[in-house]
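The values are calculated or read from the model by the stated rules, or taken from the named source; none is laboratory data. Here the structure is a predicted model, which is why all the values come from computation and not from measurement. Note: ideal-geometry Cβ built from the backbone for every residue, glycine included; neighbour counts use all protein chains shown.
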Ligand SMILES: NC(=O)c1ccc[n+]([C@@H]2O[C@H](COP(=O)([O-])OP(=O)(O)OC[C@H]3O[C@@H](n4cnc5c(N)ncnc54)[C@H](OP(=O)(O)O)[C@@H]3O)[C@@H](O)[C@H]2O)c1
(Lines give C-alpha, C1' and ligand atoms only; values in the text may rest on other atoms or scores of the structure.)
Protein backbone atom coordinates (compact mmCIF):
# COMPACT_ATOMS: atom_id res chain seq x y z
CA UNK A 1 0.00 0.00 0.00
CA UNK A 2 1.06 3.61 -0.62
CA UNK A 3 0.87 5.24 2.82
CA UNK A 4 1.15 8.97 3.51
CA UNK A 5 2.61 9.71 6.97
CA UNK A 6 2.58 13.12 8.67
CA UNK A 7 5.06 13.85 11.47
CA UNK A 8 7.69 11.89 9.54
CA UNK A 9 10.60 13.36 11.54
CA UNK A 10 8.93 12.86 14.93
CA UNK A 11 9.62 10.21 17.56
CA UNK A 12 6.52 8.20 16.65
CA UNK A 13 6.25 9.05 12.93
CA UNK A 14 9.87 8.21 12.05
CA UNK A 15 9.51 4.82 13.77
CA UNK A 16 6.11 4.17 12.17
CA UNK A 17 7.76 4.73 8.78
CA UNK A 18 10.45 2.11 9.49
CA UNK A 19 7.77 -0.35 10.62
CA UNK A 20 5.70 0.24 7.45
CA UNK A 21 8.69 -0.10 5.11
CA UNK A 22 9.78 -3.31 6.84
CA UNK A 23 6.25 -4.65 6.29
CA UNK A 24 6.50 -3.94 2.54
CA UNK A 25 4.51 -0.69 2.27
CA UNK A 26 5.53 2.28 0.11
CA UNK A 27 5.76 5.31 2.39
CA UNK A 28 5.44 8.98 1.50
CA UNK A 29 6.41 11.25 4.41
CA UNK A 30 5.44 14.89 4.99
CA UNK A 31 8.65 16.83 5.57
CA UNK A 32 9.45 20.52 6.01
CA UNK A 33 13.24 20.52 6.48
CA UNK A 34 16.26 19.48 4.40
CA UNK A 35 17.60 17.37 7.26
CA UNK A 36 14.22 15.61 7.53
CA UNK A 37 14.15 14.96 3.78
CA UNK A 38 17.63 13.45 3.92
CA UNK A 39 16.75 11.16 6.84
CA UNK A 40 13.51 10.07 5.16
CA UNK A 41 15.25 9.25 1.88
CA UNK A 42 17.88 7.31 3.83
CA UNK A 43 15.07 5.33 5.51
CA UNK A 44 13.74 4.34 2.07
CA UNK A 45 10.64 6.56 1.93
CA UNK A 46 9.45 9.16 -0.57
CA UNK A 47 9.63 12.81 0.44
CA UNK A 48 6.58 15.09 0.19
CA UNK A 49 7.53 18.65 1.11
CA UNK A 50 5.05 20.76 2.99
CA UNK A 51 3.63 22.17 6.19
CA UNK A 52 0.80 20.22 7.78
CA UNK A 53 -1.27 23.42 7.92
CA UNK A 54 -1.00 23.93 4.15
CA UNK A 55 -4.31 22.14 3.64
CA UNK A 56 -4.24 22.18 -0.18
CA UNK A 57 -0.86 20.49 -0.17
CA UNK A 58 -2.08 17.99 2.42
CA UNK A 59 -5.10 17.13 0.25
CA UNK A 60 -2.84 16.56 -2.75
CA UNK A 61 -0.83 13.97 -0.83
CA UNK A 62 -3.85 12.26 0.73
CA UNK A 63 -5.88 11.76 -2.47
CA UNK A 64 -3.09 9.71 -4.05
CA UNK A 65 -2.52 7.52 -0.97
CA UNK A 66 -4.09 4.17 -0.12
CA UNK A 67 -4.06 5.19 3.54
CA UNK A 68 -2.83 7.95 5.85
CA UNK A 69 -1.23 7.90 9.30
CA UNK A 70 -1.35 11.29 11.01
CA UNK A 71 1.19 11.82 13.80
CA UNK A 72 2.24 15.47 13.26
CA UNK A 73 1.49 17.83 16.11
CA UNK A 74 3.01 21.10 17.29
CA UNK A 75 3.88 20.47 20.95
CA UNK A 76 4.31 24.13 21.88
CA UNK A 77 1.97 23.92 24.89
CA UNK A 78 1.90 27.70 25.38
CA UNK A 79 -0.36 27.74 22.30
CA UNK A 80 -2.18 24.47 22.84
CA UNK A 81 -5.63 25.75 21.88
CA UNK A 82 -4.45 27.16 18.56
CA UNK A 83 -2.45 24.04 17.65
CA UNK A 84 -5.32 21.76 18.66
CA UNK A 85 -7.74 23.69 16.44
CA UNK A 86 -5.21 23.49 13.60
CA UNK A 87 -5.11 19.74 14.16
CA UNK A 88 -8.91 19.60 13.86
CA UNK A 89 -8.66 21.21 10.40
CA UNK A 90 -5.83 18.87 9.36
CA UNK A 91 -7.89 15.79 10.32
CA UNK A 92 -10.98 17.15 8.54
CA UNK A 93 -8.90 17.75 5.40
CA UNK A 94 -7.26 14.31 5.43
CA UNK A 95 -10.56 12.61 6.22
CA UNK A 96 -12.46 14.39 3.45
CA UNK A 97 -9.78 13.46 0.92
CA UNK A 98 -10.33 9.78 1.80
CA UNK A 99 -14.08 9.90 2.46
CA UNK A 100 -15.34 8.74 -0.94
CA UNK A 101 -13.43 5.46 -0.62
CA UNK A 102 -12.76 3.00 2.14
CA UNK A 103 -9.14 4.11 2.51
CA UNK A 104 -8.11 4.33 6.19
CA UNK A 105 -7.03 7.37 8.17
CA UNK A 106 -5.19 6.47 11.38
CA UNK A 107 -4.84 9.34 13.87
CA UNK A 108 -2.52 9.57 16.90
CA UNK A 109 -4.24 10.61 20.11
CA UNK A 110 -3.58 10.01 23.81
CA UNK A 111 -5.09 8.01 26.66
CA UNK A 112 -4.80 11.24 28.66
CA UNK A 113 -7.77 12.65 26.70
CA UNK A 114 -10.20 10.07 28.04
CA UNK A 115 -12.68 11.27 30.66
CA UNK A 116 -11.80 9.62 33.97
CA UNK A 117 -15.24 8.98 35.39
CA UNK A 118 -14.17 6.07 37.61
CA UNK A 119 -11.24 7.26 39.72
CA UNK A 120 -8.41 4.74 40.04
CA UNK A 121 -9.81 2.43 37.34
CA UNK A 122 -7.94 2.09 34.04
CA UNK A 123 -9.67 3.86 31.14
CA UNK A 124 -11.06 1.62 28.39
CA UNK A 125 -11.20 1.93 24.61
CA UNK A 126 -14.97 2.51 24.74
CA UNK A 127 -14.61 5.40 27.21
CA UNK A 128 -15.40 8.84 25.81
CA UNK A 129 -12.84 11.60 25.52
CA UNK A 130 -13.25 14.90 27.38
CA UNK A 131 -14.53 17.88 25.37
CA UNK A 132 -12.26 20.47 23.78
CA UNK A 133 -13.77 23.15 26.00
CA UNK A 134 -12.39 21.20 28.98
CA UNK A 135 -9.08 20.36 27.32
CA UNK A 136 -8.24 21.84 23.87
CA UNK A 137 -6.32 18.76 22.69
CA UNK A 138 -9.64 16.87 22.56
CA UNK A 139 -10.25 18.67 19.23
CA UNK A 140 -8.32 15.77 17.68
CA UNK A 141 -10.87 13.15 18.72
CA UNK A 142 -13.81 15.49 18.10
CA UNK A 143 -12.61 15.70 14.49
CA UNK A 144 -12.29 11.90 14.19
CA UNK A 145 -15.77 11.45 15.74
CA UNK A 146 -17.28 13.74 13.09
CA UNK A 147 -15.58 11.86 10.27
CA UNK A 148 -16.72 8.50 11.64
CA UNK A 149 -20.32 9.76 11.78
CA UNK A 150 -20.01 10.77 8.11
CA UNK A 151 -18.90 7.23 7.21
CA UNK A 152 -15.14 7.81 7.11
CA UNK A 153 -12.79 4.88 7.72
CA UNK A 154 -11.05 6.65 10.60
CA UNK A 155 -9.22 4.83 13.36
CA UNK A 156 -7.73 6.38 16.51
CA UNK A 157 -4.61 5.11 18.26
CA UNK A 158 -4.54 6.49 21.79
CA UNK A 159 -0.97 6.47 22.99
CA UNK A 160 0.09 6.12 26.59
CA UNK A 161 3.60 7.26 27.60
CA UNK A 162 5.75 6.09 24.67
CA UNK A 163 9.33 5.30 25.62
CA UNK A 164 12.74 4.04 24.66
CA UNK A 165 16.00 4.81 26.43
CA UNK A 166 16.16 8.31 24.89
CA UNK A 167 12.53 9.44 25.07
CA UNK A 168 10.57 9.69 28.32
CA UNK A 169 7.76 12.02 27.13
CA UNK A 170 6.09 13.74 30.05
CA UNK A 171 8.57 12.13 32.46
CA UNK A 172 11.32 14.13 30.73
CA UNK A 173 9.67 17.17 32.37
CA UNK A 174 9.87 15.43 35.77
CA UNK A 175 13.58 14.80 35.13
CA UNK A 176 14.13 18.44 34.17
CA UNK A 177 12.31 19.65 37.30
CA UNK A 178 14.36 17.30 39.48
CA UNK A 179 17.57 18.78 38.04
CA UNK A 180 16.32 22.33 38.68
CA UNK A 181 15.02 21.67 42.22
CA UNK A 182 17.75 19.28 43.38
CA UNK A 183 15.36 16.45 44.28
CA UNK A 184 12.81 14.17 42.62
CA UNK A 185 9.22 14.54 43.80
CA UNK A 186 5.97 12.61 43.75
CA UNK A 187 2.65 13.48 45.35
CA UNK A 188 1.42 11.91 48.60
CA UNK A 189 2.11 8.19 48.63
CA UNK A 190 2.86 8.24 44.91
CA UNK A 191 0.35 5.47 44.17
CA UNK A 192 -1.14 7.30 41.17
CA UNK A 193 -0.09 5.58 37.96
CA UNK A 194 1.12 6.25 34.43
CA UNK A 195 0.44 3.80 31.59
CA UNK A 196 3.23 3.20 29.10
CA UNK A 197 4.25 1.48 25.88
CA UNK A 198 7.59 0.80 24.22
CA UNK A 199 8.04 2.54 20.86
CA UNK A 200 8.48 -0.78 19.01
CA UNK A 201 5.07 -1.96 20.26
CA UNK A 202 3.38 1.40 19.61
CA UNK A 203 4.44 1.47 15.96
CA UNK A 204 3.37 -2.15 15.41
CA UNK A 205 -0.06 -1.16 16.67
CA UNK A 206 -0.21 1.75 14.18
CA UNK A 207 0.52 -0.72 11.36
CA UNK A 208 -2.12 -3.20 12.56
CA UNK A 209 -4.66 -0.38 12.96
CA UNK A 210 -3.95 0.69 9.37
CA UNK A 211 -4.08 -2.84 7.93
CA UNK A 212 -7.05 -4.25 9.83
CA UNK A 213 -8.52 -1.58 12.10
CA UNK A 214 -12.28 -1.30 12.39
CA UNK A 215 -13.67 2.05 11.15
CA UNK A 216 -14.51 4.28 14.10
CA UNK A 217 -12.47 2.20 16.59
CA UNK A 218 -10.24 3.61 19.32
CA UNK A 219 -7.25 1.40 20.07
CA UNK A 220 -5.07 1.78 23.15
CA UNK A 221 -1.29 1.62 22.72
CA UNK A 222 -0.74 0.50 26.29
CA UNK A 223 1.90 -2.08 27.14
CA UNK A 224 1.76 -1.49 30.89
CA UNK A 225 -1.54 -0.54 32.49
CA UNK A 226 -0.07 1.61 35.22
CA UNK A 227 3.26 2.21 36.94
CA UNK A 228 3.12 3.98 40.30
CA UNK A 229 4.69 7.46 40.19
CA UNK A 230 6.65 6.64 43.36
CA UNK A 231 8.55 3.85 41.51
CA UNK A 232 9.22 6.17 38.57
CA UNK A 233 10.57 8.84 40.95
CA UNK A 234 12.83 6.31 42.67
CA UNK A 235 14.41 5.20 39.36
CA UNK A 236 14.97 8.84 38.34
CA UNK A 237 16.49 9.56 41.78
CA UNK A 238 18.96 6.68 41.34
CA UNK A 239 19.79 7.79 37.78
CA UNK A 240 20.37 11.44 38.72
CA UNK A 241 21.84 10.59 42.16
CA UNK A 242 19.28 12.91 43.77
CA UNK A 243 17.06 12.44 46.86
CA UNK A 244 13.42 11.46 46.32
CA UNK A 245 10.66 13.19 48.32
CA UNK A 246 6.92 13.01 48.76
CA UNK A 247 5.07 16.34 48.36
CA UNK A 248 1.94 17.31 50.24
CA UNK A 249 -0.85 18.63 47.93
CA UNK A 250 -0.22 22.28 48.94
CA UNK A 251 3.44 22.01 47.86
CA UNK A 252 2.59 20.63 44.41
CA UNK A 253 2.17 23.92 42.46
CA UNK A 254 5.52 25.32 43.60
CA UNK A 255 7.32 22.18 42.38
CA UNK A 256 5.30 20.97 39.38
CA UNK A 257 4.04 24.32 38.00
CA UNK A 258 2.02 23.78 34.77
CA UNK A 259 2.16 20.00 35.36
CA UNK A 260 0.46 20.28 38.79
CA UNK A 261 -2.93 18.99 37.63
CA UNK A 262 -1.38 15.90 36.10
CA UNK A 263 1.12 15.16 38.87
CA UNK A 264 -1.40 13.61 41.26
CA UNK A 265 -3.97 11.95 39.02
CA UNK A 266 -4.12 8.29 38.13
CA UNK A 267 -3.51 7.79 34.39
CA UNK A 268 -3.90 4.02 34.19
CA UNK A 269 -5.29 2.67 30.91
CA UNK A 270 -6.27 -0.76 29.61
CA UNK A 271 -5.53 -2.30 26.19
CA UNK A 272 -7.29 -5.64 26.71
CA UNK A 273 -9.82 -4.98 23.92
CA UNK A 274 -7.12 -3.69 21.52
CA UNK A 275 -5.04 -6.83 22.07
CA UNK A 276 -8.00 -9.09 21.50
CA UNK A 277 -9.24 -7.24 18.40
CA UNK A 278 -5.94 -6.81 16.57
CA UNK A 279 -3.90 -9.71 17.96
CA UNK A 280 -1.46 -7.12 19.29
CA UNK A 281 0.97 -8.41 21.89
CA UNK A 282 3.43 -5.91 23.36
CA UNK A 283 6.89 -7.42 23.81
CA UNK A 284 9.21 -4.40 24.23
CA UNK A 285 11.10 -3.43 27.40
CA UNK A 286 9.03 -2.00 30.26
CA UNK A 287 9.19 1.67 31.18
CA UNK A 288 11.26 1.34 34.37
CA UNK A 289 13.85 -0.78 32.54
CA UNK A 290 14.19 1.89 29.82
CA UNK A 291 14.35 4.59 32.51
CA UNK A 292 17.12 2.66 34.33
CA UNK A 293 19.02 2.25 31.03
CA UNK A 294 18.70 5.92 30.16
CA UNK A 295 22.04 7.68 29.75
CA UNK A 296 21.77 10.31 32.52
CA UNK A 297 25.08 11.92 31.50
CA UNK A 298 23.34 12.88 28.23
CA UNK A 299 20.51 14.44 30.22
CA UNK A 300 22.99 16.47 32.30
CA UNK A 301 24.70 17.66 29.10
CA UNK A 302 21.39 18.64 27.49
CA UNK A 303 20.43 20.57 30.65
CA UNK A 304 23.72 22.50 30.35
CA UNK A 305 22.84 23.12 26.65
CA UNK A 306 25.89 21.13 25.54
CA UNK A 307 25.72 18.94 22.44
CA UNK A 308 24.05 15.79 23.73
CA UNK A 309 23.51 12.70 21.62
CA UNK A 310 21.38 9.84 22.75
CA UNK A 311 21.72 6.37 21.22
CA UNK A 312 19.04 3.70 21.12
CA UNK A 313 19.40 0.32 19.42
CA UNK A 314 16.16 0.93 17.47
CA UNK A 315 16.39 4.55 16.45
CA UNK A 316 20.11 5.19 16.09
CA UNK A 317 21.60 8.45 17.32
CA UNK A 318 19.17 11.20 18.23
CA UNK A 319 19.48 14.52 20.01
CA UNK A 320 18.49 14.16 23.63
CA UNK A 321 15.08 15.75 24.19
CA UNK A 322 14.22 17.36 27.47
CA UNK A 323 10.50 17.71 27.06
N1 LIG B 1 5.37 10.50 22.50
C2 LIG B 1 4.41 10.22 23.37
O3 LIG B 1 4.66 9.65 24.45
C4 LIG B 1 2.97 10.56 23.03
C5 LIG B 1 1.97 10.28 23.99
C6 LIG B 1 0.65 10.58 23.69
C7 LIG B 1 0.32 11.12 22.47
N8 LIG B 1 1.30 11.42 21.55
C9 LIG B 1 0.91 12.00 20.25
O10 LIG B 1 1.49 11.25 19.19
C11 LIG B 1 1.79 12.12 18.09
C12 LIG B 1 3.28 12.01 17.73
O13 LIG B 1 4.05 12.37 18.87
P14 LIG B 1 5.65 12.43 18.82
O15 LIG B 1 6.12 12.09 20.17
O16 LIG B 1 6.16 11.67 17.65
O17 LIG B 1 5.88 14.00 18.57
P18 LIG B 1 7.21 14.74 18.07
O19 LIG B 1 8.41 13.89 18.24
O20 LIG B 1 7.18 16.08 18.74
O21 LIG B 1 6.99 14.95 16.48
C22 LIG B 1 6.08 15.89 16.01
C23 LIG B 1 6.13 15.82 14.48
O24 LIG B 1 5.15 16.76 13.98
C25 LIG B 1 5.78 17.51 12.95
N26 LIG B 1 5.16 18.82 12.82
C27 LIG B 1 4.82 19.71 13.79
N28 LIG B 1 4.28 20.82 13.25
C29 LIG B 1 4.30 20.62 11.91
C30 LIG B 1 3.90 21.43 10.81
N31 LIG B 1 3.36 22.65 10.98
N32 LIG B 1 4.05 20.92 9.56
C33 LIG B 1 4.61 19.68 9.36
N34 LIG B 1 5.02 18.89 10.37
C35 LIG B 1 4.86 19.36 11.63
C36 LIG B 1 7.24 17.63 13.38
O37 LIG B 1 8.00 17.99 12.25
P38 LIG B 1 9.35 18.89 12.36
O39 LIG B 1 10.47 17.91 12.65
O40 LIG B 1 9.46 19.53 11.03
O41 LIG B 1 9.15 19.87 13.50
C42 LIG B 1 7.46 16.21 13.86
O43 LIG B 1 7.72 15.36 12.75
C44 LIG B 1 1.36 13.52 18.54
O45 LIG B 1 0.02 13.73 18.16
C46 LIG B 1 1.44 13.41 20.06
O47 LIG B 1 0.69 14.37 20.75
C48 LIG B 1 2.62 11.13 21.81
Notebook entry, point to check: Restricting attention to region 51-59, does a residue exist that is surrounded by fewer than 23 Cβ atoms within 10 Å (Cβ to Cβ), under 27 Å from residue 166 (Cα atoms) and within 13 Å of the ligand (Cβ to nearest atom)?
Noted result: yes
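Would you list the helices (runs of 4 or more DSSP H) that sit entirely within region 268-310 and hold 1 or more residues that are modelled with pLDDT of 95 or more?
Result: 272-278, 287-292.
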Notebook entry, point to check: Residues 67, 36: which one is modelled with pLDDT of 95 or more, within 8 Å of the ligand (Cβ to nearest atom) and more than 21 Å from residue 170 (Cα to Cα)?
Noted result: 36
Checklist line | Failed item in (1) closer than 15 Å to residue 62 by Cβ; (2) more than 9 Å from the ligand (Cβ to nearest atom); (3) within 19 Å of the chain's Cα centre (by Cα), with residue 28 passing the rest | finding: (3)
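Which of the strands (runs of 3 or more DSSP E) found entirely inside region 1-76 contain at least 1 residues meeting this: more than 20 Å from residue 156 (Cα to Cα)?
26-31, 46-49
Would it be correct to say that residue 13 is modelled with pLDDT of 95 or more, surrounded by 18 or more Cβ atoms within 10 Å (Cβ to Cβ) and farther than 27 Å from residue 166 by Cα? First the steps, then the outcome.
Working: modelled with pLDDT of 95 or more: yes; surrounded by 18 or more Cβ atoms within 10 Å (Cβ to Cβ): yes; farther than 27 Å from residue 166 by Cα: no.
No.
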Margin query: So residue 74 passes all but one of these: (1) away from the ligand (no atom under 13 Å from the Cβ); (2) under 22 Å from residue 162 (Cα atoms). Which condition number does it fail?
Written below: (1)
Note to self: Contact list please: Cβ distance under 9 Å, first residue in region 70-83 and modelled with pLDDT of 95 or more, second residue assigned to a helix (DSSP H, G or I) and loosely packed, with under 15 Cβ neighbours inside 10 Å, pairs at least six apart or on different chains.
What the structure shows: 74/82; 83/77
Checklist line | Residue among 173, 155 that is within 15 Å of the ligand (Cβ to nearest atom), under 20 Å from the mean Cα position of the chain (by Cα) and in the same structural domain as residue 124 (by TED's automatic domain parsing) | finding: 155
